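Everything below concerns the one structure shown next.
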Amino acid sequence: MGWLPEDPAAWKRDIVWHVRVQPADGAPWVQEFGPYTPSEAVAGFIAALIASPGS
């Protein structure tokens, strides 16, 4: 997971949170959140991801 407040390229794409997932038995994927996404929503997403089976 990355917080990208100082990355100009991320800001140009409206991205400040970047979550990269590499499952042990599946294809990797990425979820990105914009500057108006509340940090509580990102925290809830991460908590659900960690709690899910197979993560």
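What to note about this one:
- For the chain, the ratio of Cα radius of gyration to the globular rule of thumb 2.2 N^0.38 Å stands at 1.21.
- The helix-only estimate of mean residue ellipticity at 222 nm for the chain, built from DSSP H runs of length n ≥ 4 each weighted as -39500 (n - 2.57), is -9000 deg cm²/dmol after division by the residue total.
Quick note: the coordinates plus some simple rules give every number you see, no bench work behind them. Keep in mind it's a predicted model, so treat the numbers as computed, not measured.
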